[in-house]
Amino acid sequence: MTPKADFFAGTGILVFAGIMFNIARNMPAPATFGLGPGGYPMLVTGVLMLLGSILAVQGWLGMRRLSRSGEEAGQKSITFKELGGIAILALSFWAYVFLMRYLGYLITTPIFLFLFLFQYGARKWKQMILICIISTGLSWFLFNYVFYVILPDFYFRW
């Protein structure tokens with residue numbers, strides 16, 4: 001990505017993570033001990049804020065470097081095809097969250113992982129299928145048996 005895109009992406013991640021951190025912070029405290037309902041989201045969003053800040057600072061420094069060297073005019077702009085890919089990705093995330101309520105985690109996750117891999121150029125079918133199934137299974141196991149977070153099951157009722 002270009003330094004300008006890094007700066008804006010990092011700033012967007014930082015703002016989004018800050019909002020989500022505040023929402024997680026307002027969740028109830030744990031009854032006895034442990035992280036409680038907001039602990040893990042606060043941890044994840046805190047890491048996202050750190051990484052978003054690093055990306056934004058790197059982008060800002062890169063923009064300053066380019067402006068000093070006069071290379072700004074040569075920067076590549078985003079094409080309509082790339083904007084379409086971004087829109088498809090955003091709609092896919094919305095569809096993933098919406099459909100998970102009805103189809104469950106174990107059905108929607110490998111399908112959407114496969115679609116994301118395909119959208120971004122992967123074409124090794126066996127490898128894509130293995131990645132989708134293994135990563136879904138491992139994350140399901142991790143959430144259910146390590147974090148004790150029950151993920152949505154198949155529940156098809158409109």
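The values are calculated or read from the model by the stated rules, or taken from the named source; none is laboratory data. Source: prediction; values computed, not measured. Cβ sites come from the backbone with ideal geometry, for glycine too, and all protein chains shown count toward neighbours. Surface areas here come from the heavy atoms of the whole protein model, side chains and all, with no ligands, DNA or RNA. Shrake-Rupley method; radii C 1.70, N 1.55, O 1.52, S 1.80 Å.
Annotations
- In a fully extended conformation the segment linking L51 and F147 would gain 32.2 nm over its present Cα-Cα distance, using 0.36 nm per residue.
- Accessible area (Å², 1.4 Å probe, nearest 10) - I86: 100 Å²
- With DNA, RNA and ligands ignored, accessible area of Y155 (1.4 Å probe; Å², nearest 10): 120 Å²
- The distance separating the Cα centre of region 94-139 from that of region 2-54 comes to 24 Å.
- When shorter helices are ignored and each DSSP H run of at least 4 residues is given -39500 (n - 2.57), the per-residue value for the chain at 222 nm works out to -24500 deg cm²/dmol.
- Non-local Lys pairs in region 1-149, i.e. 8 or more apart or on different chains, that have alpha carbons under 29 Å apart: 4
- Accessible carbon and sulfur surface of the chain relative to its total accessible area, %, 1.4 Å: 74 percent
- Average accessible surface for region 1-136: 71 Å² per residue, computed with a 1.4 Å probe over protein heavy atoms with every protein chain in place.
- Note on S135 and M27: the model spin-label points, each 7 Å out from Cα along the C-beta direction, lie 2.3 nm apart.
- Heavy-atom accessible area order for F116, F80, F98, largest first, 1.4 Å probe: F80, F98, F116
- Whole-Hz ³J(HN,Hα) from phi, Karplus 6.51 cos²θ - 1.76 cosθ + 1.60, for region 55-65, glycine and proline x: 5, 5, 5, 4, x, 5, 5, x, 5, 5, 4
- The chain: relative contact order in percent, alpha carbon pairs under 8 Å with at least 6 residues between: 22 percent
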